[in-house]
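One structure below.
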Amino acid sequence: MEVRYLRYTLKEFQNIIEYYLGTPKIYKYCYENSSEFKEFIDNINESRKKEIKKLHMAYYAVNCKEPLVHLGTFGLSFLGKKIAENKEFQKLDETINSDEFKTLFTRFDEVLAVNGIEWLNE
């Protein structure tokens, strides 16, 4: 897929960053299952790595009460969460093998330039 066909609004791009880079389980799954994503992560600059760590910390801060919910429901909410995660990972598997995903993370800075978006290019 050509970069010029990947069009995103700023909000869509922020959602992509938040989902794929800011959600630790999604990040880990993509890193382990997509060579394009892994190469992107392995080659990013320090300011982007720091931003990803901040996103992970924010995610954990927002979800810090989750274990208490699981405890309070005697594990039923945890079981439901695991079922939902398995479905999400199945859908994610299709996504990480798509041309759009591969192009986005192999030519990330070009996609940003085409869309007029900046994300920590230091």
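Numerical summary
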| read-out | value |
| --- | --- |
| Unmet requirement for Cys64, which otherwise passes all of (1) within 18 Å of Tyr31 (Cβ to Cβ); (2) hydrophobic (A, V, I, L, M, F, W, C); (3) modelled with pLDDT under 90 | (1) |
| Hits in the range 1-37 - residues which are part of a helix (DSSP H, G or I), in contact (Cβ under 8 Å) with a residue 40 or more places away in the chain and open to solvent by less than 20 Å² (accessible area, probe 1.4 Å) | Val3, Phe13, Ile17, Ile26, Cys30, Phe37 |
| Filtered residues of the range 1-57 (kept if of a type in the set (Ser, Thr, Tyr) and under 10 Å from the mean Cα position of the chain (by Cα)) | Tyr19, Tyr20, Thr23, Tyr27, Tyr29, Tyr31 |
| Single condition Gly75 does not satisfy, out of (1) modelled with pLDDT under 70; (2) of a type in the set (Gly, Ala, Ser); (3) under 20 Å from Phe13 (Cα atoms) | (3) |
| Output for the range 38-48, where each listed residue is out of contact with any Lys or Arg (no Cβ under 9 Å at 6 or more places or on another chain), surrounded by 12 or more Cβ atoms within 10 Å (Cβ to Cβ) and free of Cβ contacts under 8 Å to residues at least 24 places away in the same chain | Lys38, Ile44 |
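The values are calculated or read from the model by the stated rules, or taken from the named source; none is laboratory data. Note that the structure is predicted; figures quoted are calculated from it, not measured. As a convention, Cβ positions derive from the backbone with ideal geometry for all residues, glycine included, and neighbour counts pool all protein chains shown. Quick note on the areas: whole protein, heavy atoms, side chains included, nothing else; ligands and nucleic acids left out. Shrake-Rupley method; radii C 1.70, N 1.55, O 1.52, S 1.80 Å.
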